[in-house]
Amino acid sequence: MEPIKGTTILCVRKNGEVCMAGDGQVSFGQTILKPNTRKIRRIYQDSIIAGFAGSTADAFTLFERFEKKIEAHQGRLKRACVELAKDWRSDKILRRLEAMIILANETEQFLLSGAGDVIESDDGLLAIGSGGNFALSAAKALYMHSDLDAQAIAKASLNIAADLCVYTNHEIISETIKGTP
């Protein structure tokens, strides 16, 4: 699947804390339509953080479908992700959606793509969007070579991505779930 243009979403898990951060820029081609859109939200009794890259309408369609799956599976994140990926892969209309999402709770995090992928992070880091690789690279370096917490790593990495990616800005919004280290 080709990388989604238009945003950067990064999820960082460190020492029992998970933080998802995203920029606020909405672009249409080479035009910035809005600088401060919220692409991160909490769902399922505020226990799950979700972030999207791609078409806004498509992402909201996926959020709605995911919320039904997470309710049906009583909050079991992995199971709901797998079931949504099955639908996404097999449904003609869903297959045409141009969005990717990252979902995280206190203990797990997953990236879902339209190709039917359900990717679980091995190192506590996931990123999507046009600036995703920039943010992911920065996060890997900060994770390994600093004592910063998950939120500080996520925000610093997004700022680095915003300096490099024209589809990413410095209007960073983040959500954090603090667990036990």
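Tabulated values for the structure
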{"item": "Considering residues of segment 37-67 that are of a type in the set (D, E, K, R) and in contact (Cβ under 8 Å) with a residue 12 or more places away in the chain only, the residue surrounded by the fewest Cβ atoms within 10 Å (Cβ to Cβ)", "result": "ARG38"}
{"item": "Those residues of segment 81-127 which are surrounded by 16 or more Cβ atoms within 10 Å (Cβ to Cβ), hydroxyl-bearing (Ser, Thr, Tyr) and at pLDDT below 90, in sequence order", "result": "SER113"}
{"item": "Selection within segment 128-175 - of a type outside the set (S, T, N, Q), crowded, with 20+ Cβ neighbours inside 10 Å and part of a loop (DSSP other than H, G, I, E, B)", "result": "GLY131, CYS165, TYR167, ILE172"}
{"item": "Number of the exception - ILE70 against (1) closer than 22 Å to GLU98 by Cβ; (2) free of Cβ contacts under 8 Å to residues at least 60 places away in the same chain; (3) in contact with a strand residue (DSSP E or B) (Cβ under 9 Å, 6 or more places away or on another chain); (4) outside any loop (DSSP other than H, G, I, E, B)", "result": "(1)"}
{"item": "Number of positions in segment 73-97 that are under 25 Å from VAL26 (Cβ atoms), in a helix (DSSP H, G or I) and in contact with a strand residue (DSSP E or B) (Cβ under 9 Å, 6 or more places away or on another chain)", "result": "2"}
{"item": "Residue tally, condition within 18 Å of ILE177 (Cα to Cα) and either at pLDDT below 85 or in a strand (DSSP E or B) (or both), over segment 16-67", "result": "15"}
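The values are calculated or read from the model by the stated rules, or taken from the named source; none is laboratory data. Because the structure is predicted, anything quoted here is derived from the model rather than measured. With ideal geometry, Cβ positions are generated from the backbone for all residues, glycine too; neighbour counts draw on all protein chains shown.
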